[in-house]
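Trainee: Got a structure here, written out as structure tokens. Questions coming.
The values are calculated or read from the model by the stated rules, or taken from the named source; none is laboratory data. Only a predicted model underlies this, so the values are computations on that prediction, with no experimental measurement involved. Positions of Cβ are backbone-derived with ideal geometry, glycine not excepted, and every protein chain shown enters the neighbour counts.
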Amino acid sequence: MAMDNEIDSQNPTHTAPDTSRRFLFDEADIRGETAYLDAALRGILDNHQYAPGVARLIGEFVAAAVLISSTLKFDGRLTLQARSRGQIPLLMAECTSALEVRAIARGAEEATASAFHELVGEGQLAITIEPSEGQRYQGIVPLSGASLAECLDAYFEQSEQLHTRLWLSCDGSRAAGLLLQQLPSKVAPDPVIREQQWQHACALAATITAEELLSLSSADLLYRLYHQDQVRLFDPRSLQFHCSCSRDRSRRALESLGEAEITSILEEQGSVTMDCEFCNQRYVFAPDELLPDGGKTLH
């Protein structure tokens, strides 16, 4: 297996936390990506008191958002969102093109289950791509699989011409993921050979355990799976928890309520407070920040 850096298969390396790393098969039209979240996931989870099952699912959602965004050539944001009748009404994870991530499970205070279908059953999974320039795109698939990976596999099966598969794992404090995607025909134009190569890559990937996915580095993971194939592993890209909230964005959101509503709140409370549900940052606004006359009309 060819790599950018030499690998000593007798001395496995640890995972590189908070990184995403691309790889390519030299003799097949297949690319892949690995993602590892450590401090970035803790930055998300430390802001809330989630039950273990909820925390694990959030980790999988964030890892998936990182992996899927890696397949896109865009400047903007990708959002993975589940709305359901399960114990979690809304679960959302975001990843920007700069690999900045954040996530939230809304209404999950009473969620205690661990099973995927109990947490987010009977609902829809949406993938939304919001480029900095250009049109917004959204694809939707039912939450009918036994896991997030199964639902995403079904999404790509129905919405993409190129095969795409994901494997995800989270233990509540670390998360990891592996993505394989078939590329347009170039290296192996024969459709039969292309399908054989794809099935070969997926069959080997399916042998990895959840613990191995979490604990093995990208190099060791790929060596274990594809040591008989020619695979190129590229340099890692760092990812981090980062919330896009700001005082200015919060003020604009408040202004959308209208002057009458803002005045009513100010008369009752003296100021308006907004808390970011992603990072718990609190923004407090005085009357002179929100009303055209600086709040002189308040009484």
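Trainee: I'd like to check something: does segment 180-192 contain any residue that is of a type in the set (S, T, N, Q), modelled with pLDDT of 95 or more, outside any loop (DSSP other than H, G, I, E, B) and over 18 Å from the mean Cα position of the chain (by Cα)?
Mentor: Yes - at least one qualifying residue is present in segment 180-192.
Trainee: Could we say that L125 is under 26 Å from T19 (Cα atoms), buried (at least 20 other Cβ atoms within 10 Å of the Cβ) and assigned by TED's automatic domain parsing to the domain that holds L37 here?
Mentor: So L125 fits the description; yes.
Trainee: Since T209 meets every condition but one in (1) in contact with a Gly (Cβ under 7 Å, 6 or more places away or on another chain); (2) more than 26 Å from R83 (Cβ to Cβ); (3) not aliphatic (A, V, I, L, M), which condition does it not meet?
Mentor: So T209 meets the others, but not (1).
Trainee: Let me ask another. So, of the residues in segment 98-113 that are of a type outside the set (G, A, S) and part of a strand (DSSP E or B), which turns out to be surrounded by the most Cβ atoms within 10 Å (Cβ to Cβ)?
Mentor: Taking the candidates together, the pick is V101.
Trainee: Within segment 276-299, take every residue that is modelled with pLDDT of 80 or more and in a strand (DSSP E or B) and give me the one that is nearest to Y50 (Cα to Cα).
Mentor: My answer is Y283.
Trainee: Just give me the residues in segment 75-90 being over 11 Å from the mean Cα position of the chain (by Cα) and either in contact (Cβ under 8 Å) with a residue 60 or more places away in the chain or assigned to a strand (DSSP E or B) (or both), in sequence order.
Mentor: G76, A82, R83, S84, L90 - these are the residues of segment 75-90 that are over 11 Å from the mean Cα position of the chain (by Cα) and either in contact (Cβ under 8 Å) with a residue 60 or more places away in the chain or assigned to a strand (DSSP E or B) (or both).
Trainee: What is the residue count in segment 207-227 for residues that are among the acidic types (D, E) and surrounded by fewer than 19 Cβ atoms within 10 Å (Cβ to Cβ)?
Mentor: Adding up the residues that qualify gives 2.
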